[in-house]
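Below you'll find the structure, written out as structure tokens, and then a few comments.
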Amino acid sequence: MNDSEPREYKSPTRKLVKFFHKSRDQWKAKCIDTKATVKRLKNRVRYLEASKEEWKNRALALEKELAGKQAQGQSESQVKKTVS
């Protein structure tokens, strides 16, 4: 069969039209559903990345606070040793 020649279908045109419309509607619905899924997943990734960054910053701040308190505790213990 040559690409330049139109296809000859054996089925009646009314059945073919119904089949092609149904096929088109199915792939359009599938495309819309997939786009919605992709959008939902992209939003989820963006949310999780922001949440991860927030928790990371919070952990770093708490580590700095802990290091400062430990340094302050060590300096107080040294002062007590020199006073005693």
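The values are calculated or read from the model by the stated rules, or taken from the named source; none is laboratory data. Not measured: the values here are computed from a predicted model. Counting neighbours? That spans all protein chains shown, and the Cβs are built from the backbone with ideal geometry, glycine included.
One line per residue, one yes/no per condition, for (1) modelled with pLDDT of 95 or more; (2) surrounded by 10 or more Cβ atoms within 10 Å (Cβ to Cβ):
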site: 1; (1), (2): no, no
site: 15; (1), (2): no, yes
site: 30; (1), (2): yes, yes
site: 33; (1), (2): yes, yes
site: 48; (1), (2): yes, yes
site: 52; (1), (2): yes, yes
site: 58; (1), (2): yes, yes
site: 61; (1), (2): yes, yes
site: 80; (1), (2): no, no
Subject >> Pair list, Cβ under 6 Å, 6 or more apart: region 11-27 residue free of Cβ contacts under 8 Å to residues at least 40 places away in the same chain, other residue outside any helix (DSSP H, G or I) >> reply: 16/9
